[in-house]
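Below is one structure, written out as structure tokens; the observations come after it.
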Amino acid sequence: MATPIGNLRDISLRALDVLKAVDAVAAEDTRVTRRLLDHYGIAARLIPVHEHNEKRAVKQVLALLDAGKSLALTCDAGTPAISDPGAVLVAAVQAAGHAVAPVPGANAAIAALSAAGFPGTRFLFYGFLPAHAGERRRELQRIAALPYVLVFYEAPHRIAECVEAMCEALGGERELVIARELTKLYETVHRGPLAQAGAWLAGHADRRRGEFVLVVEGAAAPAPTGAARARRTLEVLLAELPLKQAVEVAVKLGSGRKNELYPLALELKRKRGAVSGKR
Ligand code: SAM
């Protein structure tokens, strides 16, 4: 189940109901979840399930479920299994034939994306880039041309070098949103071209502190090739002009030679005729 990423009030009523009702809570760090439970006056049994004991913890959780008990799974902040432990346990619980139900709520990536203001519906959630500079550069190059908004998590001690690597690999003109300390006292959502992000971070030490989500504008669609451009020009002209005139204007616009454009215009006209039944 999702728990807050900062502001303790960012928890759903249903999540609180579930926390009160379950027999135990499997928690990434029992101290962190205990603080949340104490805040809401909930006394629940806690079982530690973190990266280093996830396989062992699975046995304990399955034994409880087999005995007819119910459990909730929490991570330190946000949604389990999103750049956090949880997936191994969830898969094991499913494989053992028990039901798994999500209790949705806070997630830093989605919160940042919703405040980034990039139009379009497609995004790629990457999570943490590799810490090693060479691997990070290769990963960034691999995804640089994707026409999707890119969403990354980053730690404060790597934020400056990460932004610099992004600028090199993705290009300085792409817009970057730095979403810092979301839902907390010093929440900051800064937007600007990648080329200026390094200077902004260097502008004040506080800007490099806390927790970060980086949201980068998707790559622009590649410029159409000569042939694709000529085709598009003719399509537009044919919608307004007779064929001969459309070809003449296209030649004047530098879209190609008359003997190349004429057959293309004929083909487009035939297709238009097939679609509209006229001209
Ligand atoms: N499971 C979490 C979620 O649903 O968002 C993510 C956990 S991941 C281990 C922690 C990273 O998430 C942080 O290093 C940071 O990049 C991002 N993050 C978590 N809380 C944040 C916040 N309040 N503001 C900005 N980024 C945050």
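The values are calculated or read from the model by the stated rules, or taken from the named source; none is laboratory data. All values derive from a computational prediction rather than experimental measurement. As a convention, Cβ positions derive from the backbone with ideal geometry for all residues, glycine included, and neighbour counts pool all protein chains shown. In case anyone asks, the SASA skips ligands and DNA or RNA and just uses the protein heavy atoms, side chains included. Shrake-Rupley method; radii C 1.70, N 1.55, O 1.52, S 1.80 Å.
Overview of values
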| read-out | value |
| --- | --- |
| Test: LEU150 is within 16 Å of the ligand (Cβ to nearest atom), open to solvent by 10 Å² or more (accessible area, probe 1.4 Å) and either farther than 27 Å from ASP10 by Cα or not β-branched (Val, Ile, Thr) (or both) | no |
| Residue in the range 132-151 that is among the small types (Gly, Ala, Ser), part of a strand (DSSP E or B) and assigned by TED's automatic domain parsing to the domain that holds LEU194 present | no |
| Any hit, the range 167-176, residues being assigned to a strand (DSSP E or B), open to solvent by 40 Å² or more (accessible area, probe 1.4 Å) and either touching a helix residue (DSSP H, G or I) at 6+ places or on another chain (Cβ under 8 Å) or not acidic (Asp, Glu) (or both) | yes |
| Filtered residues of the range 201-239 (kept if under 25 Å from the mean Cα position of the chain (by Cα) and open to solvent by less than 40 Å² (accessible area, probe 1.4 Å)) | LEU201, GLY210, PHE212, VAL213, LEU214, VAL215, VAL216, GLY218, ALA219 |
| In the range 1-35, the residues that are in contact with a helix residue (DSSP H, G or I) (Cβ under 8 Å, 6 or more places away or on another chain), free of Cβ contacts under 8 Å to residues at least 60 places away in the same chain and away from the ligand (no atom under 14 Å from the Cβ) | LEU19, ASP23, ALA24, VAL25 |
| Residue pairs meeting the criteria (Cβ under 6 Å; at least 6 apart or on separate chains; first surrounded by 13 or more Cβ atoms within 10 Å (Cβ to Cβ), in the range 41-52; second among the small types (Gly, Ala, Ser) and modelled with pLDDT under 95) | VAL49/ALA57 |
| Residue count, the range 66-75 (criterion: under 17 Å from VAL103 (Cα atoms) and either near the ligand (Cβ under 7 Å from one of its atoms) or not in a loop (DSSP other than H, G, I, E, B) (or both)) | 5 |
| Qualifying residue in the range 95-102 (condition: surrounded by fewer than 19 Cβ atoms within 10 Å (Cβ to Cβ) and in contact (Cβ under 8 Å) with a residue 60 or more places away in the chain) | yes |
| Test result for TYR262, open to solvent by 70 Å² or more (accessible area, probe 1.4 Å), in contact (Cβ under 8 Å) with a residue 12 or more places away in the chain, in a loop (DSSP other than H, G, I, E, B) and not polar (S, T, N, Q) | no |
| Lone qualifier among GLY192, GLY256 - being open to solvent by less than 70 Å² (accessible area, probe 1.4 Å), among the small types (Gly, Ala, Ser) and under 40 Å from the mean Cα position of the chain (by Cα) | GLY192 |
| Selection within the range 76-116 - among the β-branched types (Val, Ile, Thr), outside any loop (DSSP other than H, G, I, E, B) and more than 16 Å from the ligand (Cβ to nearest atom) | VAL93 |
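Every residue, every condition in (1) at pLDDT 95 or above; (2) within 16 Å of the ligand (Cβ to nearest atom); (3) closer than 30 Å to ALA265 by Cα; (4) assigned to a helix (DSSP H, G or I), yes or no:
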| residue | (1), (2), (3), (4) |
| --- | --- |
| HIS190 | yes, yes, no, no |
| GLN196 | yes, no, no, yes |
| ALA199 | yes, no, no, yes |
| ARG207 | yes, yes, no, yes |
| GLY210 | yes, yes, no, no |
| VAL215 | yes, yes, no, no |
| ALA220 | no, no, yes, no |
| ALA223 | no, no, yes, no |
| ALA228 | no, no, yes, yes |
